[in-house]
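Peer 1: Sharing a structure, written as structure tokens. Questions coming.
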Amino acid sequence: MFKRLFHREFLLFLALTSVIWALITVSKAERSTSVVIYANSASSIVADQFITDTSIALNVEVSASGINALRLQEVDKESVVVEASAFSLKSEGMLVVQSAEVIAQLNSIYRGVYSFSTATSEVLFPCEELERTRIPITIEGTQNIRLPEGYKWLHEVSVDPDSIDVVGSPEAVFRARLHVNLPDFLWDGNHAFDLPVEGLGSSLTSISEERIEVRGASALWTEHKFEVPLVLGSQIVDVEVWVSGPKKALISRTFEELITLSAVQNESNYIIVAEPVKENISVLSITPNRVERIGQ
């Protein structure tokens with residue numbers, strides 16, 4: 001029994017010694033390997049250039065010692081974001097970022113756990129010169145707008161401004177179709193919406209407004225009859241004029257504020273003419289519209 005106990009303790013001693021030896025060996029070990037790091041531009045637009053590829057792969061040597069040496073692959077395919085201030089124009093069609101900027105960000109992420117180095121001093125981003133232009137804004141979703149029964153438009157829905165200045169890649173500018181989407185709405189009276197411009201993105205941005213105002217006005221429409229005396233030479237004729245327009249305007253304004261009534265004289269009669277003075281006022285009928293001249 002004593003021998004078996006001694007044998008068990010001896011085995012435990014050997015196992016403990018092996019673990020300690022392994023820990024000492026690992027702690028002294030230093031390993032390095034090559035990994036791929038992606039340098040990503042925070043924006044596709046930098047200064048007056050459009051970056052055609054915003055994510056560039058960079059081969060980086062990573063090393064560590066101790067237990068960290070066993071986890072070198074966790075760095076592989078790490079991404080760092082490069083701000084616009086780190087870019088400079090190397091040549092036509094090429095922006096450059098110093099590799100030291102990428103290494104500094106890796107050091108900031110891993111805080112000394114790993115050491116990084118690269119044989120490449122620069123990271124190159126292909127680019128093309130931006131285009132600037134003014135693009136019109138269209139309205140989509142007009143089927144979502146309804147008028148109450150008996151209403152008509154005083155001023156149909158419009159956008160303000162009706163176009164915006166944009167900057168982007170030549171292709172994005174060429175393909176740009178900017179618009180606003182109207183919500184489902186019962187348009188009763190004067191209304192305005194502040195809506196985002198759709199069609200902008202990473203390759204096309206606005207240098208003026210990214211939201212625009214959509215506005216319009218409707219009103220209840222009605223018809224109204226006016227009876228107006230009209231002097232025609234030696235005659236006074238009562239003329240009946242039927243007018244249509246916004247109810248509020250028809251009941252709050254006089255006939256003279258809405259309509260100009262006159263007559264055109266020819267050899268045998270007078271032709272009575274009624275012309276609207278105000279916008280959105282229509283003349284439906286004039287009775288009589290022709291009066292014979294007395295004495296003819």
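Peer 1: Can you find even one residue in the stretch 176-187 that is surrounded by 13 or more Cβ atoms within 10 Å (Cβ to Cβ) and either within 30 Å of Ile294 (Cα to Cα) or touching a Pro at 6+ places or on another chain (Cβ under 6 Å) (or both)?
Peer 2: Checking the stretch 176-187: not a single residue is surrounded by 13 or more Cβ atoms within 10 Å (Cβ to Cβ) and either within 30 Å of Ile294 (Cα to Cα) or touching a Pro at 6+ places or on another chain (Cβ under 6 Å) (or both).
Peer 1: I would also like to ask the following. Can you name the number of the only condition in (1) among the charged types (D, E, K, R); (2) loosely packed, with under 13 Cβ neighbours inside 10 Å; (3) closer than 30 Å to Asp48 by Cβ that Glu256 fails?
Peer 2: So Glu256 meets the others, but not (3).
Peer 1: Within the stretch 123-158, which residues are on the phi > 0 side of the Ramachandran plot and surrounded by 13 or more Cβ atoms within 10 Å (Cβ to Cβ)?
Peer 2: Residue satisfying the conditions is Gly141 alone.
Peer 1: List, please: which pairs have Cβ atoms under 9 Å, are six or more places apart or on different chains, and start with a residue in the stretch 160-185 that is closer than 28 Å to Ile145 by Cα and end with one that is surrounded by fewer than 18 Cβ atoms within 10 Å (Cβ to Cβ) and of a type in the set (Phe, Trp, Tyr)?
Peer 2: Close Cβ pairs satisfying both conditions: Val180/Phe193; Leu182/Phe193; Pro183/Phe193; Phe185/Phe193.
Peer 1: Could you go through the stretch 108-128 and let me know if any residue there is in a strand (DSSP E or B), of a type in the set (A, V, I, L, M), touching a helix residue (DSSP H, G or I) at 6+ places or on another chain (Cβ under 9 Å) and under 30 Å from Ser79 (Cα atoms).
Peer 2: Yes, there is a match, as at least one residue in the stretch 108-128 is in a strand (DSSP E or B), of a type in the set (A, V, I, L, M), touching a helix residue (DSSP H, G or I) at 6+ places or on another chain (Cβ under 9 Å) and under 30 Å from Ser79 (Cα atoms).
Peer 1: Oh, and also: Which of the residues spanning the stretch 42-59 are part of a strand (DSSP E or B) and of a type in the set (A, V, I, L, M)?
Peer 2: Ile45, Val46, Ile51, Ile56, Ala57, Leu58
Peer 1: Considering each of Ser108, Ser99, Ser115 in turn, give the residue that is polar (S, T, N, Q) and loosely packed, with under 14 Cβ neighbours inside 10 Å.
Peer 2: Ser108
Peer 1: Just one of (1) surrounded by 18 or more Cβ atoms within 10 Å (Cβ to Cβ); (2) touching a Phe, Trp or Tyr at 6+ places or on another chain (Cβ under 6 Å); (3) aliphatic (A, V, I, L, M) trips up Leu220, so point out which.
Peer 2: (1)
Peer 1: Would you check if there is a residue in the stretch 241-253 being part of a helix (DSSP H, G or I), outside the structural domain of Ile137 (by TED's automatic domain parsing), surrounded by 12 or more Cβ atoms within 10 Å (Cβ to Cβ) and small (Gly, Ala, Ser)?
Peer 2: Looking through the stretch 241-253, at least one residue is part of a helix (DSSP H, G or I), outside the structural domain of Ile137 (by TED's automatic domain parsing), surrounded by 12 or more Cβ atoms within 10 Å (Cβ to Cβ) and small (Gly, Ala, Ser).
Peer 1: Scan (1) of a type in the set (Asp, Glu); (2) closer than 22 Å to Ala42 by Cβ; (3) part of a helix (DSSP H, G or I) for the single condition Glu74 breaks and write down its number.
Peer 2: (2)
Peer 1: Let me ask another. Hey, could you check the stretch 217-267 for residues that are touching an Asp or Glu at 6+ places or on another chain (Cβ under 7 Å) and not β-branched (Val, Ile, Thr) and say which is farthest from Arg293 (Cα to Cα)?
Peer 2: It comes out as Ser218.
Peer 1: Next up: Within the stretch 221-231, does at least one residue satisfy the condition of being within 38 Å of the chain's Cα centre (by Cα) and either touching a residue at least 12 places away in the same chain (Cβ under 8 Å) or assigned to a strand (DSSP E or B) (or both)?
Peer 2: Checked against the condition, which is being within 38 Å of the chain's Cα centre (by Cα) and either touching a residue at least 12 places away in the same chain (Cβ under 8 Å) or assigned to a strand (DSSP E or B) (or both), the stretch 221-231 yields at least one hit.
Peer 1: Out of Ser65, Ser44, I need the residue that is more than 24 Å from Val82 (Cβ to Cβ), in contact (Cβ under 8 Å) with a residue 12 or more places away in the chain and not hydrophobic (A, V, I, L, M, F, W, C). Which one?
Peer 2: Only one candidate passes the filter, namely Ser65.
Peer 1: A follow-up question, please. Condition test on Gln105, is it without any contact (Cβ under 8 Å) to a residue 40 or more places away in the chain and over 29 Å from the mean Cα position of the chain (by Cα)?
Peer 2: Yes, satisfied.
The values are calculated or read from the model by the stated rules, or taken from the named source; none is laboratory data. Just so it is clear, the structure is predicted and the values come from calculations on it, not from any experiment. Methodologically, a virtual Cβ is constructed for each residue, glycine included, from the backbone with ideal geometry; neighbour enumeration extends over all protein chains shown.
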